[in-house]
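Down below is the structure, laid out as structure tokens.
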Protein chains: 2
Amino acid sequence: MTHSNKTKRVRATTLADVGLAAGVSAMAVSAVLNGALTSSRIAPKTRKRILETAALLNYRANGTARALASRRMHTIGVAGVVDGNGLEFNHYFLEILSGILMTAGRREENTTLFTLHEWSPDPEPIRRFCDGRIDGLILIAPRLTVETGRMFPAYTPFVAVHANCPLPGVINVESDEEDGAYEVTRHLIARGHRDIIHITGPRGLLGAERRIRGFERAIVNAGIHFDSSRLVEASFTTSDGRIAMRQWLKAHVGDRLPQAAFCASDAIAVGCMEALAELGLRVPDDISIAGFDDTFTARTTVPQLTTVRQPLWSMGNRAAEILLDRIEHPERPLTDTPNPVVFPVEVISRASVASPPVAARVVPPQPAAAS
Amino acid sequence: MTHSNKTKRVRATTLADVGLAAGVSAMAVSAVLNGALTSSRIAPKTRKRILETAALLNYRANGTARALASRRMHTIGVAGVVDGNGLEFNHYFLEILSGILMTAGRREENTTLFTLHEWSPDPEPIRRFCDGRIDGLILIAPRLTVETGRMFPAYTPFVAVHANCPLPGVINVESDEEDGAYEVTRHLIARGHRDIIHITGPRGLLGAERRIRGFERAIVNAGIHFDSSRLVEASFTTSDGRIAMRQWLKAHVGDRLPQAAFCASDAIAVGCMEALAELGLRVPDDISIAGFDDTFTARTTVPQLTTVRQPLWSMGNRAAEILLDRIEHPERPLTDTPNPVVFPVEVISRASVASPPVAARVVPPQPAAAS
DNA sequence: CTGAAAGCGCTTACAG
DNA sequence: CTGAAAGCGCTTACAG
């Protein structure tokens, strides 16, 4: 440890220090070092002298002071839930975040992360984030009400990804969820499945409802009877998927297993597969499973998961682009940005979906008695 | 969109605004609202009036101004590589990050992320991060030289996780990598394997070398011949693991497949398994595979991966604790903190390791000719 | 118990 | 081409 043991914090060199040493005003130093937009130009000789003394004194501009004076932080915020209840990773969040970090980095913006344990309708946390340290905020899959949206500070630009409610004054980046649900259900039907259930997201959430609508439409269009017994509610997490599937299995001992289950997220699908495995039921031999999202997870399950691909990384990318554009051009009317921005989705066919078993298998004990 | 279309950015309410409206000084407002440590107490009636007008005017303190005046940002930085070359997620990084976010959140600190595409020995990026917007910085698996470390600003506290070099003035959080490599190699030997290779991290990196040392020691201690042909170099990523294994297989057509491979990271192990699968070789039937890290990945591969568990989440936790303590108590000498902090590791036995095949399988075409 | 002053380190007009 | 002044919105001593 060569550094001084007494960690008396040393003061960083300031503009004034450099100015003093170079024999010019702090302002002149600011002009050459921090590329101020002052119309004036500093003479080559002074410029050189300033640069030298700055290097000598190891000067670096204080970002906070700069931000306060220029009213620009060069930092965007991202708010979302990183960890599904407990330690379970939220891959959905991470892939979007990765896209955001990418374009923010390219545009030389920093990113500060505000992590929530869950989205509550309370707008207070969001308002606390907008305390002058970020230029704008991206909300990832927020659950907020319209009234909540009205309480957002008017001077902060917002972009929301998969907002479950059209927030006033917020640009929304979404994907065509209903279409994805419709297409993946059709995919299951095309493979010969008719007895299909849907493990849904939390009822009431826009994203969950859209998937349910797509599912129902595909079922009905295929001339298959639809009723609510086909819907099993869960949250979007693996642990909830596991619990929901377990409960279903417990309540249906002796019944025929459905031929296929469409899960509202990959995370749910993983939990669902775990619950099936606990009873020795095999995917896709005994039941086909489809997910939604195409996160990293979908490629590492056994078997790999048929799912609906949402371009999460690109959506993060775009969200950051839009936000930065709004920050840089506050004069442009909000209505100049398309809103919402909707990304197309795509069914990715993998090994978790196969043709239905010749004779549908039955869960443990007793004989029949329909669901 | 109910908000004004002309996005003329509205100014946020300031202390002065509130003071004016309440008929007191800005300082009085500051004292009651932002809990300044002023010895003085504001009278209950004034206090109440101030609180009411603040609520009325929707006042929130400007974090930047506050930071500049108090010289405390309440934000820590995290620097590391999020994405292994390209889109591959760095789960190692994410798990540590998650631990950091957790304790930072609990201690009401924000976290700003500085993402690098790779660690170069250039100290410039790090210095740029220390521009007065963070109170301290956590470096994740940095590759820096001692000289580089000397160029760090003396007034910023640093903590490094798995630093590949003892940086001056930096507290290091590590794990017992050599021990982990030793134990997992012994685990392979105990299962009956003798012909074992090690797919290493980048040579020269401390972390990689430590694992090599542990591996070699276990091999030699077991009375097995050791030479450098047992070492296959890769970086820590999946794509590099895939390439390294592919090349090895190509160069050894006709030779006997090793009985086991110990990979220096889970990511490498995944790539290695992919390369084996390309040739129809099965894990663990044809070859046993072990990884290192026990990231999320290890539980989702087929088969699940035997690996060395590093408590990444806890390490992130601790790193944040240490950093925040140093920020809050700059007067405490650096030497008061244990340095390095070393976490124990543990071998996690899963399905990717089994007993060696009775007759070791042979890769495609021609007959023998030893390696 | 409360206020007037100075200052955090920078930038932005405005003069010369 | 360069400098002196004012200000960004807060906090920290220091007076009363």
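The values are calculated or read from the model by the stated rules, or taken from the named source; none is laboratory data. A quick note: this is a predicted structure, and the numbers were derived from the prediction, not measured. Cβ coordinates were reconstructed from backbone atoms using ideal geometry, including for glycine residues, and neighbour counts include every protein chain displayed. For accessibility, only protein heavy atoms count, side chains too; no ligands or nucleic acids. Shrake-Rupley method; radii C 1.70, N 1.55, O 1.52, S 1.80 Å.
Worth pointing out:
- Hits in region A:270-282 - residues which are within 21 Å of A:GLN310 (Cβ to Cβ) and open to solvent by less than 10 Å² (accessible area, probe 1.4 Å): A:GLY271, A:CYS272
- One residue stands out among those in region B:153-162 that are modelled with pLDDT of 90 or more and within 14 Å of chain A (Cβ to nearest Cβ): the one that is surrounded by the fewest Cβ atoms within 10 Å (Cβ to Cβ), which is B:THR156.
- The conditions of being in a helix (DSSP H, G or I), touching a residue at least 60 places away in the same chain (Cβ under 8 Å) and over 30 Å from B:LEU334 (Cα atoms) are not met by B:VAL220.
- Within region A:53-68, residues that are more than 7 Å from chain B (Cβ to nearest Cβ) sit with their Cβ atoms under 7 Å from residues that are among the hydroxyl-bearing types (Ser, Thr, Tyr) and open to solvent by less than 70 Å² (accessible area, probe 1.4 Å), at 6+ positions apart or across chains, in these pairs: A:LEU57/A:THR13; A:ASN58/A:THR13; A:TYR59/A:THR13.
- Spans of strands (runs of 3 or more DSSP E) in region B:231-314 with at least 2 residues aliphatic (A, V, I, L, M) and within 18 Å of B:GLY180 (Cβ to Cβ): B:260-263, B:288-290
- Qualifying residue in region B:261-269 (condition: open to solvent by 20 Å² or more (accessible area, probe 1.4 Å) and out of contact with any His (no Cβ under 7 Å at 6 or more places or on another chain)): yes
- Odd one out for B:PHE129 among (1) of a type in the set (Phe, Trp, Tyr); (2) facing chain A (nearest Cβ under 7 Å); (3) surrounded by fewer than 22 Cβ atoms within 10 Å (Cβ to Cβ): (2)
- Residue under evaluation B:THR75, criteria (1) more than 16 Å from DNA strand D (Cβ to nearest atom); (2) at the interface with chain A (Cβ under 8 Å from one of its Cβ atoms); (3) farther than 19 Å from B:THR300 by Cβ, criterion not met: (1)
- Residues of region A:64-85 that turn out to be open to solvent by 10 Å² or more (accessible area, probe 1.4 Å) and either on the phi > 0 side of the Ramachandran plot or over 28 Å from the mean Cα position of the chain (by Cα) (or both), as a count: 7
- Test: residue in region A:241-248 that is touching a residue at least 60 places away in the same chain (Cβ under 8 Å), within 24 Å of the chain's Cα centre (by Cα) and crowded, with 23+ Cβ neighbours inside 10 Å: no
- Some residue of region B:107-116 being in contact with a Lys or Arg (Cβ under 6 Å, 6 or more places away or on another chain), open to solvent by 40 Å² or more (accessible area, probe 1.4 Å), under 24 Å from A:THR64 (Cβ atoms) and facing chain A (nearest Cβ under 9 Å): no
- Within region B:312-329, the set of residues being farther than 19 Å from B:LEU94 by Cβ, within 12 Å of chain A (Cβ to nearest Cβ) and open to solvent by less than 40 Å² (accessible area, probe 1.4 Å) comprises B:ARG326, B:ILE327.
- A:GLU346 meets all of the listed conditions (1) at pLDDT below 95; (2) open to solvent by 30 Å² or more (accessible area, probe 1.4 Å); (3) of a type in the set (D, E, K, R) but one, namely (1).
- Members of region B:25-61 that are modelled with pLDDT under 85 and part of a loop (DSSP other than H, G, I, E, B): B:SER25, B:ASN34, B:GLY35, B:ALA36, B:LEU37, B:THR38, B:SER39, B:SER40, B:ARG41, B:ILE42, B:ALA43
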